[in-house]
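Trainee: Shown below is the structure under consideration.
The values are calculated or read from the model by the stated rules, or taken from the named source; none is laboratory data. Since we're looking at a predicted model, the values are computed, not measured. Here the Cβ positions follow ideal geometry from the backbone for every residue, glycine too, while neighbour counts run over all protein chains shown. To get the accessible areas, we keep the full protein, side chains included, count just its heavy atoms, and leave off ligands, DNA and RNA. Shrake-Rupley method; radii C 1.70, N 1.55, O 1.52, S 1.80 Å.
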Amino acid sequence: MSFVIGLIGVVIFALLAPALQLIARARAWPLAPVTLIAIAAVVSHALGVILGALLLAQFHYWDAASIFGFFVMAYVFAFGAVYKSVSLDILLGLVNRPEQSAPLSVIVEQQVPRLFQGRIDVLVDGGLVKPENSHFSPTAAGRSMAGRVGRLRHVFGIGDTGLYDFAD
Amino acid sequence: MAIGRSSEDLPGRDGEVIGADLARPPGRRKRAMPASLDRKNATSYRVSTLAGPQRQPGRFAEMNMLPGPAQIAAICLSAALPLLLICYARIIRGSGRRFRLGCLSVIILFVVACIALPGQRHLDDVVGGAFLLATAIMFFYVLFSLLAWGFTLTLLTSLVQAGRPLTSEQWAAAYMQGGDLGTFTHNRLKLLIGSGMVMTTDGRLAPTAKGLAVARLVKLVRLSTGLG
């Protein structure tokens, strides 16, 4: 039954997380989508635990937490994929065209530069990069984050190209 | 393997059975301690949050806060996964291959732990452990993929590495380490074409039936997650 309580927590999360995203967008809350997901996860997990403690004679916390964690991470995984995936953006760009096809040049010259500009805007809005005339330079926060990312990449033996390695 | 854990098979303080105690008339019930350690099964630790054996509907119940043996194994292996990836960084080339091998290693170790750990296995303990391990794998994959293939993060690191202000065109060239956005586009398209979602015909790119299905799924996920 503790697993069922975990699943009830998942249902609460699945309702709360999109509701928070919609409210945040409508009211222009200065909170990142990931922060809203974290808030939804904490609230729904707490509600699930309280419900389990109230309803069950023997509530096994880790049984409920395991199934809750699994489905919430699956949600985060799916959310991350559709939120900022370049590949899926290219696919949707093709599907949304009236003729559902495009020459490669259109993708290279129009769609990818738009995606590129969108990511620059994310970095500027996040205070990691500042625009100066027609140039861009990193802020102190941007340098700090790049340093942390570089150290983590070094520790995990990850290159810094950001490209898929199809030799894998 | 036992299926589930009923209240009857949960020994209480000093090995006495809580279920049996609950079956006694209220006046003859022994008073439960606020917290008890099961001496037959050291992994079973209960916190009586309020009512103990005289629990009434709507009151807080006993909560078992300690994970079972298989769940403990899964938690330890989850913590070991990033350490394993660090070790593999020295011996295995390719980020994706390294992550897959890391996951395979912890899954095999979890199966071995489920077989080798002493004592009776409970199905809910093993299932819970498997869910915990899968949760950790997904969590680390999200972080690992951001580090390895994150577009925005790599844009930032390339700007910092350039060491001077760049125009957007120079920034794109710095990001591609001498290449251009065409190289980047080809890299991402290779993924779409390789997975059968996009095909090229007469120099034009078009989604396949699989690509159309994935696009519909993406729209559905965007709608249901509040991204619109």
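Trainee: Which condition number does A:Leu92 fail, the rest of (1) within 16 Å of B:Leu227 (Cβ to Cβ); (2) more than 7 Å from chain B (Cβ to nearest Cβ) being met?
Mentor: Checking A:Leu92 against (1) within 16 Å of B:Leu227 (Cβ to Cβ); (2) more than 7 Å from chain B (Cβ to nearest Cβ), the one that fails is (2).
Trainee: When residues of the stretch A:1-11 are filtered for being open to solvent by less than 50 Å² (accessible area, probe 1.4 Å) and either touching a strand residue (DSSP E or B) at 6+ places or on another chain (Cβ under 7 Å) or of a type outside the set (Gly, Ala, Ser) (or both), how many remain?
Mentor: Qualifying residue count for the region: 4.
Trainee: Let me ask something else. Go over the candidates A:Gly150, A:Gly157, A:Gly69 one by one and state the one that is within 23 Å of B:Gly102 (Cβ to Cβ), at the interface with chain B (Cβ under 7 Å from one of its Cβ atoms) and not in a helix (DSSP H, G or I).
Mentor: A:Gly157
Trainee: Looking at (1) at the interface with another protein chain (Cβ under 9 Å from one of its Cβ atoms); (2) over 30 Å from A:Val4 (Cα atoms); (3) open to solvent by less than 50 Å² (accessible area, probe 1.4 Å); (4) among the hydrophobic types (A, V, I, L, M, F, W, C), can you tell me which one A:Val124 breaks?
Mentor: Failing condition for A:Val124: (1).
Trainee: Just need a number here: residues in the stretch A:13-48 that are surrounded by 18 or more Cβ atoms within 10 Å (Cβ to Cβ), facing chain B (nearest Cβ under 8 Å) and not polar (S, T, N, Q).
Mentor: The qualifying residues number 4.
Trainee: Give the stretch B:67-123 a look and list any residue that's assigned to a helix (DSSP H, G or I), within 20 Å of A:Ser66 (Cα to Cα) and in contact with an Asp or Glu (Cβ under 7 Å, 6 or more places away or on another chain), or say none.
Mentor: Scanning the stretch B:67-123 gives B:Pro69, B:Ala70, B:Gln71.
Trainee: Residues of the stretch A:63-121 being surrounded by fewer than 17 Cβ atoms within 10 Å (Cβ to Cβ), within 21 Å of B:Asp180 (Cα to Cα) and in contact with a helix residue (DSSP H, G or I) (Cβ under 8 Å, 6 or more places away or on another chain), which ones?
Mentor: Within the stretch A:63-121, A:Leu104, A:Pro113, A:Gln117 meet the criteria.
Trainee: A further question on this structure: Answer yes or no: is there a residue in the stretch B:146-157 that is more than 7 Å from chain A (Cβ to nearest Cβ) and open to solvent by less than 40 Å² (accessible area, probe 1.4 Å).
Mentor: no
Trainee: Within the stretch B:123-145, track down each residue that is over 23 Å from A:Val4 (Cβ atoms) and facing chain A (nearest Cβ under 8 Å). Break it down into steps so the answer makes sense when it comes.
Mentor: We begin by selecting, within the stretch B:123-145, every residue over 23 Å from A:Val4 (Cβ atoms); these are B:137, B:139-145.
Those that are over 23 Å from A:Val4 (Cβ atoms) and facing chain A (nearest Cβ under 8 Å): B:Phe139, B:Tyr141, B:Val142, B:Phe144.
Trainee: Can I ask one more? Hey, could you check the stretch B:160-193 for residues that are over 22 Å from A:Gln110 (Cα atoms) and at the interface with another protein chain (Cβ under 7 Å from one of its Cβ atoms) and say which is least open to solvent (accessible area, probe 1.4 Å)?
Mentor: B:Val160
Trainee: Return the residues of the stretch A:127-149 that are surrounded by fewer than 15 Cβ atoms within 10 Å (Cβ to Cβ) and of a type in the set (Gly, Ala, Ser); say none if nothing qualifies.
Mentor: Across the stretch A:127-149, the qualifying residues are A:Gly127, A:Ser134, A:Ala140, A:Ala141, A:Ser144, A:Gly147.
Trainee: If I ask for residues that are of a type in the set (Ser, Thr, Tyr) and either more than 9 Å from chain A (Cβ to nearest Cβ) or open to solvent by 80 Å² or more (accessible area, probe 1.4 Å) (or both), which ones from the stretch B:87-122 would you list? Spell out how you get there, then give the answer.
Mentor: Residues of the stretch B:87-122 of a type in the set (Ser, Thr, Tyr): B:88, B:95, B:105.
Residue satisfying the conditions is B:Ser105 alone.
Trainee: Go through the stretch A:49-62 and report how many residues are crowded, with 23+ Cβ neighbours inside 10 Å and either of a type in the set (D, E, K, R) or not in a helix (DSSP H, G or I) (or both).
Mentor: Step one: list which residues in the stretch A:49-62 are crowded, with 23+ Cβ neighbours inside 10 Å, which gives A:52, A:59-60, A:62.
From what is left, the residues that are either of a type in the set (D, E, K, R) or not in a helix (DSSP H, G or I) (or both) are A:59-60.
Residues that pass the stated criteria total 2.
Trainee: Considering only residues that are facing chain A (nearest Cβ under 7 Å), part of a helix (DSSP H, G or I) and either aromatic (Phe, Trp, Tyr) or closer than 13 Å to A:Leu92 by Cβ (or both), which ones fall in the stretch B:208-228?
Mentor: The answer is B:Gly211, B:Leu212, B:Val214, B:Ala215, B:Val218, B:Val221, B:Arg222.
Trainee: Across the stretch B:194-223, what is the total count of residues that are among the aliphatic types (A, V, I, L, M), closer than 22 Å to A:Pro33 by Cα and surrounded by 15 or more Cβ atoms within 10 Å (Cβ to Cβ)?
Mentor: Of the residues in that region, 3 qualify.
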